[in-house]
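Note sheet for the following structure.
Taken together, the values in this text are just the output of simple stated rules run on the coordinates, not laboratory data. From a predicted model like this one, the values you see are computed outputs, not experimental measurements. Cβ sites come from the backbone with ideal geometry, for glycine too, and all protein chains shown count toward neighbours.
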Amino acid sequence: MNAPLTVLVLETEHPADLKLYAEAIARAAPGVEVLSAPSVPMALTVAGRAEVLVAKAHSVAAELLRAMPRLQWIQALTTGVDHLLGLPVPPQVRICSARGVHGPQMSELAILLMLALGRDFPRMLDNRRQGRWERWPQPLLMDQTLLIVGLGTIGEMLARRCQALGMRVIGCSDGRAQVPGFERVEPRARLAALVAEADFVTVLTPYEPATHQLINARVLGAMKPTAYLINLARGPVIDEAALIETLRAKKIAGAALDVFEREPPEPANPLWTLANVIMTPHIGGLSNRYAQDLVPLLVANLRAFRAGDWSGMSNLVARKAQ
């Protein structure tokens with residue numbers, strides 16, 4: 001692919017990263033024109049010139065795609081691309097995800113939430129605000145059983161870190177039967193039996209029709225009353241109404257949620273006020289070095305794209321025929 005190439009980089013959340021992406025592309029692919037846009041309206045003014053779109057999947061609008069008649073490839077700066085797959089992306093346009101770059105931040109957040117839930121850290125913070133000095137035995141993660149639902153690169157990294165803390169790690173996946181770092185892996189049909197063993201259930205599975213409300217009333221009902229649920233996947237993977245009822249009835253010890261059916265949750269959502277819930281604002285994939293960690297994937301895929309080597313590109317998303 002020797003013809004001049006134009007790349008549009010859209011970054012609406014952290015515009016300062018645009019310079020880093022542009023400089024990395026310039027070093028890796030001299031001669032490529034880079035157009036940087038901190039907003040969709042600004043991207044629309046130059047979109048017609050670009051063959052490549054680099055953006056976080058949830059930042060892309062249908063009107064932007066319609067304004068890109070030359071578009072051939074989208075490099076998502078996110079692992080999840082479900083938003084993109086719901087847009088009018090022409091069938092000939094390839095999509096690559098950023099799968100594999102979120103392992104450190106996602107696994108660290110999972111461990112933070114396990115510690116905060118088990119040790120009742122919100123109670124400590126509330127005691128500080130109230131000027132109350134209260135001590136209680138602090139539960140350890142050591143010898144606890146963690147079930148990870150969804151065994152991609154994030155799940156593998158989390159398993160290794162939790163093993164180092166002395167935890168027993170089991171997995172649930174329809175994709176792989178054996179995964180390094182896991183004592184054993186069983187299919188989704190066995191999910192209810194698996195959650196019954198777990199002290200912590202961490203959900204990392206991608207959202208797709210097969211995982212819609214995968215964590216439902218039956219699964220929640222199979223959990224130990226002393227167990228905790230952590231969702232770092234997508235909100236609709238859990239039946240939120242069933243979870244609220246389970247938490248209200250204290251049928252499980254608590255939950256930590258980074259994702260929700262609607263984001264942000266409506267003010268009347270009971271999750272805001274339930275004492276046995278920790279909420280974080282969909283920050284699992286974020287880090288202070290997000291762009292730096294994405295650059296190697298971006299430039300490697302760009303080089304392969306320029307060479308016309310689709311098979312050499314990482315994380316090509318399989319799309320159903322339209």
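Of the candidates Val101, Val89, Val185, which one comes out as most mobile in a Gaussian network treatment of the chain with C-alpha springs shorter than 10 Å?
Val89
Taking the Cα atoms only, what angle lies between the long axis of helix 121-130 and the longest principal axis of the chain, rounded to 10 degrees?
80
State the answer as a single residue: which of Ala50, Leu8, Leu117 lies farthest towards the positive end of the charge dipole of the chain, with beta carbon charges of +1 for Lys and Arg and -1 for Asp and Glu, about the Cα centre.
Value: Leu117.
Across the stretch 220-234, in residue order, what do the Karplus-derived ³J(HN,Hα) couplings come to in whole Hz, using 6.51 cos²θ - 1.76 cosθ + 1.60 with θ = phi - 60° and x for Gly and Pro?
Values, residue by residue: 4, x, 8, 6, 5, x, 9, 8, 10, 10, 10, 10, 10, 8, 9 Hz.
Sum up the charges of everything whose Cβ sits under 15 Å from the Cβ of Ala29, counting Lys and Arg as +1 and Asp and Glu as -1, but leave Ala29 out.
Counting the neighbours of Ala29, the net charge comes to -1.
With percent of Cα pairs over 35 Å apart defined as stated, name the option among [x] 29; [y] 56; [z] 21 computed from the structure displayed.
Answer label, from the structure shown: [x].
Treating only the Cβ atoms of Lys and Arg (+1) and Asp and Glu (-1) as charged, compute the dipole magnitude of the stretch 227-318 about its Cα centre; round to the nearest 20 debye.
Charge dipole of the stretch 227-318: 220 debye, to the nearest 20.
Tell me, what ³J(HN,Hα) does each residue in the stretch 176-183 have, in order and in whole Hz, if you take phi through Karplus 6.51 cos²θ - 1.76 cosθ + 1.60 with θ = phi - 60° and put x for Gly and Pro?
Result, ordered by residue: 9, 9, 9, 9, x, x, 10, 4 Hz.
Under a point-charge model restricted to the Cβ atoms of Lys and Arg (+1) and Asp and Glu (-1), what is the dipole moment magnitude of the stretch 103-279 relative to its Cα centre, in debye to the nearest 20?
Computed charge dipole of the stretch 103-279: roughly 480 debye.
Whole Å is fine, so just give me how far the alpha carbon centre of the stretch 120-138 lies from that of the stretch 1-40.
What the calculation gives is 48 Å, centre to centre.
As I understand it, the value is the acute angle between the Cα axis of helix 103-118 and the longest principal axis of the Cα atoms of the chain; what does it come to in degrees, rounded to 10?
So the helix axis and the longest Cα principal axis differ by about 20 degrees.
Counting Lys and Arg as +1 and Asp and Glu as -1, what is the net charge of the other residues whose Cβ lies under 12 Å from the Cβ of Gly171?
In short, 0.
Taking the Cα centre of the chain as origin, sum charge times position over the Cβ atoms of Lys and Arg (+1) and Asp and Glu (-1), and report the length of that vector in debye to the nearest 20.
260
What's the local net charge at Pro281, with K and R +1, D and E -1, over the other residues with C-beta under 12 Å away?
Net charge in that neighbourhood comes out at -2.
Relative to the longest principal Cα axis of the chain, at what angle does helix 290-306 sit, 0 to 90 degrees, rounded to 10?
Taking the Cα atoms of the chain, the angle to 290-306 is about 40 degrees.
Could you point to the residue in Ala26, Gly86, Leu158 farthest towards the positive end of the chain's charge dipole, with +1 and -1 charges on the Cβ of Lys/Arg and Asp/Glu respectively?
Working it through, the farthest residue towards the positive pole turns out to be Leu158.
Fewest Cβ neighbours within 10 Å first, please rank Asp239, Asp126, Asp293 accordingly.
Asp126, Asp293, Asp239
Rounded to the nearest 500 deg cm²/dmol, what is the calculated helix-only ellipticity per residue at 222 nm for the chain, with -39500 (n - 2.57) per DSSP H run of length n ≥ 4?
Helices in the chain give a 222 nm mean residue ellipticity of -9000 deg cm²/dmol.
For the chain, modelled as a GNM with alpha-carbon contacts under 10 angstrom, which of Leu243, Leu64, Leu298 fluctuates the most?
Greatest mean-square fluctuation among the candidates belongs to Leu64.
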